[in-house]
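Enquirer: Structure in structure tokens, see below.
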């Protein structure tokens, strides 16, 4: 397995610390608003890495956090707590808000067939672990205290910036008139480990006792504390979006390695953005779509997964509804082939030539996913298999094997039971299309839709689905 490592800026052979076991931590959602499909690209690619490792025989222990406190609107400790802001906006309590958006997040990931982590760690359930980690940093003289917060002193961590490549001297404290900065903060890169319940946070709803006063943790400390608790002081892979590199993940390294003196992460895995019209899809810009928008456009969630598979995780992917519709058509076509193969279920003793072809496709698929997750090649090889002359039963077996990685639920594809009335209308429409009577064809389609079904025309057949 070869994997690009953000830390070294190159593709390396992946070898876990204790093979075949792999410790894997993924940055989870901040649950103050709806999960959007930009997030889903990251979580789908994280899932693809996990599925690939499992497919290759590794035993993956996967931990993901849920950020339900401490993440400010500015990653550099400026702004307000996102949970508090969301609670005021919706009229919910912060606890109810976190519960609501956590459930929405998993509703979305389940729809895209993203495997759930082995351990889901909520920040608010791990305050004691965070306090203990801050104490350890205090013992090693990495922190300082102001009237408002406890900060990690980045000037005392000699390797600060090694992930992003930025130097401490390149960053200066710059303040806009509308952005509050703690006047006692020493360096631009210093980050809060603990916020005190004073000043701008005097009325903060979520707060706990600590050696530094009543307050709440900063965003960065949670991932270090929880990953160490469940995966140990050095983990094999840490995943997240590219927007986490410069601040969040840089800070995780500093506080973790400052506390333990050991390497924190061996491989950093970062996904690139999903954009709209060249802009990053984000909540702050308001240019995002959710799974509900997919439903409105009658795009199946797994078609979005299929779309993500057709680009490499380290490339920017621009989203359009046309590309989503094209992915839907491609996914439906693939499912139509599966239905056809299921009807045939032909199995014969394979000739040496067919055996060689089958094994060649398997090895090429493994080579593609093992080479830094070349999913575009993996999808192309999947189509090559589907269209090959290999007998249908053997073809299905290998296709379902590939789908352990692709995660498109191909082994669950079935013919839907269609009411006789709808089946008759479909036959009438087929005849109208055959006679090139497209006006009548469209009228019948609309009638079928009013009865709660939709039609998808592929190259091989017309598929009827419940709306």
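Enquirer: Let a ≥ b ≥ c be the square roots of the eigenvalues of the Cα gyration tensor of the range 2-271; is it rounded (a/c under 1.5), or, if not, prolate (a/b larger than b/c) or oblate?
Expert: oblate
Enquirer: Please work out whether the range 420-466 counts as rounded, prolate or oblate from its C-alpha gyration tensor, where a ≥ b ≥ c are the square roots of the eigenvalues and a/c under 1.5 means rounded, while otherwise a/b larger than b/c means prolate and anything else oblate?
Expert: In terms of gyration-tensor shape, oblate.
Enquirer: Ranked highest first by the average count of other Cβ atoms within 10 Å around their residues, in what order do 297-309, 95-107 fall?
Expert: Answer by packing, highest mean first, reads 297-309, 95-107.
Enquirer: Right, another one. When the helices in the chain are scored as -39500 (n - 2.57) per DSSP H run of 4 or longer and the sum is shared across all residues, what 222 nm value do you end up with, to the nearest 500 deg cm²/dmol?
Expert: Helices in the chain give a 222 nm mean residue ellipticity of -13500 deg cm²/dmol.
Enquirer: Let me ask something additional. At a threshold of 8 angstrom on Cα-Cα distance, excluding pairs fewer than six apart, so keeping six or more, what relative contact order does the chain reach in percent?
Expert: The normalised contact order for the chain reaches 17 percent.
Enquirer: From Cα pairs below 8 angstrom and at least 6 apart in sequence, can you work out the relative contact order of the range 2-271, rounded to a whole percent?
Expert: The normalised contact order for the range 2-271 reaches 25 percent.
Enquirer: For the chain, take the longest principal axis of its alpha carbons; what is the angle in degrees between that and the long axis of helix 352-370, to the nearest 10 within 0 to 90?
Expert: Here the helix axis deviates by roughly 20 degrees.
Enquirer: Determine the relative contact order of the range 46-126: mean sequence separation of Cα pairs under 8 Å and six or more apart, normalised by residue count, in whole percent.
Expert: In percent, rounded to a whole number, it is 39.
Enquirer: Now, a different point. State whether the range 197-320 is rounded, prolate or oblate according to the following rule on the C-alpha gyration tensor (a ≥ b ≥ c being the square roots of its eigenvalues): a/c under 1.5 gives rounded; otherwise a/b larger than b/c gives prolate, and the remaining case gives oblate.
Expert: oblate
Enquirer: Something else: Mind checking the angle between helix 127-139 and the chain's longest principal axis? C-alpha axes, 0 to 90 degrees, to the nearest 10.
Expert: It works out to around 50 degrees.
Enquirer: Assuming a viscosity of 1.002 mPa s and a temperature of 20 °C, what translational diffusion coefficient in µm² per second does Stokes-Einstein assign to the chain, Rh being the Kirkwood radius over Cα pairs?
Expert: 87
Enquirer: In degrees between 0 and 90, to the nearest 10, how far off the longest principal axis of the chain does helix 250-260 point, with axes built from Cα atoms?
Expert: So the helix axis and the longest Cα principal axis differ by about 60 degrees.
Enquirer: Packing-wise, with mean Cβ within 10 Å as the measure, how do 336-342, 231-237 rank, highest first?
Expert: The most tightly packed comes first, giving 231-237, 336-342.
No lab work stands behind these numbers, since they all come straight from the coordinates. Keep in mind that what you see is a predicted model, and the values were worked out from it rather than measured. Because the Cβ atoms are built from the backbone with ideal geometry, glycine has one as well, and the counts that use them run over all protein chains shown.
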